[in-house]
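Notes follow the structure.
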Amino acid sequence: MNSKNAILVLLLLSYSTAGFSCGFYPFGEDLRFCFLDPKSFQYGSYSEFYYTSNSFDSDTSQKKAITPNEQLWMEYCGQKVSLEATRAALTFMPADAIRPNSPNAMVAFLYAKKDLEAVNYLRFAKECETINAGVSDVWERGEAVSAKAARKAIGQALRCARTTQNPQLSRRYAFQAVRLAFYSGESESIRNIFEEFFSKGDNDILKYWSLYFNCFGQENTALADFWAAQVFANAPDKRFAVYNQLYDKSSLESAVQYAASNEEKANVYVLEAVGKHFPALVDLERIYALDPDSEGLDFLLLREMNKIEDWIFTPYYSLFNPSVNSAKLQYDDDANSEAILRRVESDRLYAQKVLAFVSSANLSKVHDPMLWQSAKAELLFATMRYDEAVSTVSAIEERAVKDATLYNQLQIVKALAMTARQKPGFAVIVPEVRRILLANSTNRKFIFAVGRELENKGNTTDAALLYAALRPEYNWEEDSRSMVFWRQKNSKSQNYYTDYYSDYFSYLNHVYTPEQVALLIADVERNKRAQAQDDFKSWLYEIANREYFALLDLLGTKYIRRDDLASAEKTFKKIPNVLGAQLYSLGAQRE
């Protein structure tokens, strides 16, 4: 390729990245960094309340695999019936299929035990489902008939509740009566039935299910909120409904007066705090003082950690504002990178306060000590106490190794801290971090964060290689949250159509100097042989090797922009002539 042709082709290439925007701009969950994944902990029954930039998390896949009703029936059958058979009997089997020759193991077990009271109850419960569906029919088809059937069923349920010898079945009949009364709009009946059967006795799930319906007809708002908080704490399957349909935030302080114990008080404060998108340390401290063993407290701590990650790591790594904004947070959407990073420093101060609280907790009293220790490790990292973060993870990782998912979460924090603690100008990917990166080769935001830490320390070569590792094929229509979008200080180019990046090559094109690109190319050349014998290097250099000539082309283009034509020509001579058209096509497709 002669000099004139090279210059012509490469001038075209230099403008090929100035494409046209399709209108997409990253926001919300597209941007949020989260390293302490709530799905790694045992709080699936709170999954709707995971911290998210959406109103609520729509992923309920983390809910417990077994519902409270299924658990009750499995216990009733002495744990001799499988979950699958129990679920089939409760969920899919119609009333007329409950008979002696049923192939269902749960029904067969009850008949074998001659427990006809339980069999009759199952049939009745199935019939109640049909009645309740008719009463609540939004099209009012046959509502009068269904209401008459509901009143008859309520009477039958109460008769059975008063005469059945089995205490659990008696309470189950009473619950059915409460539920029927609710769908029939009979608030007074609900109160009377609850008072007769549930005001005394065990605080079991049947009581809390009934209490849920009893809340709706209560005229005393503060008392209803107190009850709602107790249902939220003790009936996992009712949590989302309680939060959305029952409680009144303005009366929660008044609700505390009805608590008979510190645990009940703590339950009120858990309900108050669970939806907050702003700092909730005061709530954590208050609940800990009342009931340190509260499961709700542990979930709130996990949620607070996810907030802190968003407030610190999202802007620190991406230079976007946190994914969640509110009137109380007041992030400036037009803030420049310097202002965004100043806000990060103030959020690190808040993280220090949360760290002090977590460090002062008595781990022998809390519900999940491993969560508290994991939170401490990440808070140490968030507050830039890197050596302490590494030592904290090292002290607990052996206990976490039986839980592969939790163990991996700790390894991610450890890798970030080990990278960040290195001195500027001397930062590298240390062997242990290599292992963790390879184990998390699909976790793009983690990979990018390690790269950003290296870049901040002056190692732009390894940073570029990690950014290149973000590029495996991606379907935009599936989920942009798995992508990484980032800005760079004062990096907006006159010929670049947006202020963010999602592709390593565009980033190198507009941000890296010719010297930095030359160092990257030299590193790729130097490590070609080593890659065949090293899984990590094979992964790390895969994209850079594949696009080696494109990188040479980029370097030559950068020399032209600098008006260093001699260096440009020398670089272009390393590119085979047949690749010219391919390189142009590649450059045109990048945007």
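Quick notes
- Unmet criterion (only one of (1) at pLDDT 95 or above; (2) in contact with a Leu (Cβ under 7 Å, 6 or more places away or on another chain); (3) not charged (D, E, K, R)) for residue 340: (1)
- Considering only residues in region 233-284 that are aromatic (Phe, Trp, Tyr) and at pLDDT 95 or above, the one that is nearest to residue 68 (Cα to Cα) turns out to be 269.
- A search for C-beta distances below 9 Å between a residue of region 358-370 that is in the same structural domain as residue 290 (by TED's automatic domain parsing) and without any contact (Cβ under 8 Å) to a residue 24 or more places away in the chain and any residue that is among the aromatic types (Phe, Trp, Tyr) and in a helix (DSSP H, G or I), counting only pairs 6+ apart in sequence or on different chains, returns 363/372.
- Restricting the first member to region 116-135 and to residues that are hydroxyl-bearing (Ser, Thr, Tyr), and the second to residues that are crowded, with 18+ Cβ neighbours inside 10 Å and not in a helix (DSSP H, G or I), the beta-carbon pairs closer than 8 Å and six or more apart or on different chains are 121/164.
- Check on residue 106, surrounded by 17 or more Cβ atoms within 10 Å (Cβ to Cβ), in contact with a Cys (Cβ under 8 Å, 6 or more places away or on another chain) and under 30 Å from residue 43 (Cβ atoms): yes
- Being buried (at least 21 other Cβ atoms within 10 Å of the Cβ) and among the aliphatic types (A, V, I, L, M) is not true of residue 430.
- Checking 262, 306, 336, 325 one by one, the residue that is among the polar types (S, T, N, Q) and in contact (Cβ under 8 Å) with a residue 40 or more places away in the chain is 306 and no other.
- Looking across region 203-222, the residues that are modelled with pLDDT under 95, touching a helix residue (DSSP H, G or I) at 6+ places or on another chain (Cβ under 8 Å) and either in a loop (DSSP other than H, G, I, E, B) or among the basic types (Lys, Arg) (or both) come down to 203, 204, 217, 218.
- Residue in region 379-402 that is in contact with a Ser or Thr (Cβ under 7 Å, 6 or more places away or on another chain), buried (at least 16 other Cβ atoms within 10 Å of the Cβ) and either in the same structural domain as residue 288 (by TED's automatic domain parsing) or not aromatic (Phe, Trp, Tyr) (or both) present: yes
- Any hit, region 279-290, residues being in a loop (DSSP other than H, G, I, E, B) and farther than 28 Å from residue 331 by Cβ: no
- All positions within region 495-551 that are of a type in the set (Phe, Trp, Tyr) and under 22 Å from residue 30 (Cα atoms): 496, 497, 500, 501, 504, 505, 507
- Count of residues meeting criterion [part of a helix (DSSP H, G or I) and touching a residue at least 60 places away in the same chain (Cβ under 8 Å)] in region 555-580: 10
- Residue count for region 181-220, restricted to those that are exposed (fewer than 15 other Cβ atoms within 10 Å of the Cβ) and among the hydroxyl-bearing types (Ser, Thr, Tyr): 1
- Residue 443, sole failed condition from (1) among the polar types (S, T, N, Q); (2) farther than 24 Å from residue 311 by Cα; (3) assigned by TED's automatic domain parsing to the domain that holds residue 501: (2)
The values are calculated or read from the model by the stated rules, or taken from the named source; none is laboratory data. Small disclaimer: the values here were computed from a predicted structure and weren't measured. We place every Cβ from the backbone using ideal geometry, glycine too, and count neighbours over all the protein chains shown.
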